[in-house]
Each structure stands twice: as structure tokens, then as C-alpha cells.
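Report on the following structure.
The values are calculated or read from the model by the stated rules, or taken from the named source; none is laboratory data. What you see is a predicted model, and the numbers here were worked out from it, not measured in a lab. Areas reflect the complete protein model, heavy atoms only, side chains present, ligands, DNA and RNA absent. Shrake-Rupley method; radii C 1.70, N 1.55, O 1.52, S 1.80 Å.
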Amino acid sequence: MKKDDLLLVIDMQNVYKKGGKWECLNTEKAASNVNRIIDFPRFNGNALFTRFIADEKALNVWADYNVKYSDVNNNSFANEMIPELKDALKKFPLYTKSVYSSLAVPEVAAECKKAKRVVVAGVVAECCVLSTVLNLIDEGIYVIYLTDGVSGLDRPKETATELILSGLQPLHVKMMTTQEYLEEK
């Protein structure tokens, strides 16, 4: 773990947990790996979280999206952060966004730009995570993509996301497991 790294945890909300409407393959395992990093003795204390909350004033495709998924948008439990991260959320900031990329939040973008590398975890691999990673790269920020800290809707979609990102290695992104990250010198 490097001292200038920032851990960015994307949208770990109840809707993505096992049994949730948008259940992702390994949300609980991904959360466990986030906690492993935060609890690691050499963790530098730089982390932040984002969540997706629909914007009531959204326009165009986002307005259509919000109508289609109004049952989720209006369900406060579905939009809450998962309980597995409650202790971490007491220590680190949580920012709300209403689009896919976490960098749409000015405070998140500013913190990411200060980091030497951004370590990415969260859901949904093929959606909010991928969008955020691509935005980080466009901003010139090196990304560590935690393969076991990210969860997608299913394994084929997770694999497709990893395949897309593999074309950007090693210049822009490095894919590794949580254990590999923790052992990194």
C-alpha cells in the first residue's frame, strides 16, 4: 500500500446486495475486501465513498432512466449503503452522485487528482465502476482496479469489463486482487 493512494468505493448500496433488485455477483465479498484494506495496519487513511441517488430534475436519458427505475429510486432501503461498510462510513466521507461516474462530484474529482493512484472498488463493474475508471484515466490518474473488490451483475459482464481495462494496462491501469495490493511493495 502506497501512502499517496486513495481508495474510492463506488455505490455499495443495498439494491446491489444478494436479494436486491440489482443484485451483483459478489457485493458482500467486495465489501469484505474494502474492509480488509481499511483495517490493514499500513492503510494510509485515504478513502471516500460514493452512492447513486436519482436526480429529481434529471433531463433527457437520465429522466427516462429515473422513470423506468422509479421503484428503486423511491426505495430508501435500496439506496442506503450496505451495512457491511457502516464502520468505514463513520470514518470516511460519502458523496452523492446522480450519474454513472463518481468524478461528476467535484469533491471526489478534487481528491482523486491529489492522489498518486486511485484504488477502485465497488459496483456495478460494467456501469458506474467502468465509467469512473475511464474518467480517472482521462484525468491522467493512474488506477488500481481491484478485481475482487469490484462486483458486476454477472461473471460474463465482470469479465468483459476486465477485458476492456486489460487493453489499458499497464500504462493507465493495473488490475490486481486485494491480497496482491496489500502485499505490494
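Under a cut-off of 14 Å between alpha-carbon atoms, report the aspartates and glutamates in cross-link reach of Lys17, not counting same-chain residues fewer than 8 places apart.
Straight-line reach from Lys17, under 14 Å: Glu28, Glu80, Glu84, Asp154.
Report the far tail of the P(r) of the range 93-185, meaning the percent of Cα-Cα pairs longer than 14 Å.
The calculated P(r) of the range 93-185 puts 64 percent of pairs beyond 14 Å.
Keeping all protein chains in the complex and leaving out DNA, RNA and ligands, what accessible area do you get for Lys114 with a 1.4 Å probe, in Å² to the nearest 10?
Roll a 1.4 Å probe over it and Lys114 shows about 150 Å².
Specify, per residue and in Å³, the volume enclosed by the convex hull of the alpha carbon atoms belonging to the chain.
So the per-residue Cα hull volume is 113 Å³.
Give me the distance between the Cα centres of the range 17-45 and the range 96-164, rounded to whole Å.
Using only Cα atoms, the two centres lie 15 Å from each other.
Largest first, how would Tyr145, Tyr65 line up by accessible area (1.4 Å probe)?
Descending accessible area places them as Tyr65, Tyr145.
Taking 8 Å as the Cα distance limit and 6 or more residues as the minimum spacing, I'd like the relative contact order of the chain as a percentage.
Once divided by the residue count of the chain, the mean separation gives 29 percent.
Roll a 1.4 Å probe over the protein chains and send me the accessible area per residue for the range 110-163 in Å².
With the other protein chains kept in place, the range 110-163 gives 38 Å² per residue.
Counting DSSP beta bridges in the chain, what percent are antiparallel, to the nearest 5?
5 percent
Compute the orientation-averaged projected area for the range 21-120 from the convex hull of its Cα atoms and round it to one decimal in nm².
7.4 nm²
On the protein heavy atoms, probe 1.4 angstrom, tell me the percent of accessible surface of the chain carried by carbon and sulfur.
Here carbon and sulfur together make up 54 percent of the probe-accessible area.
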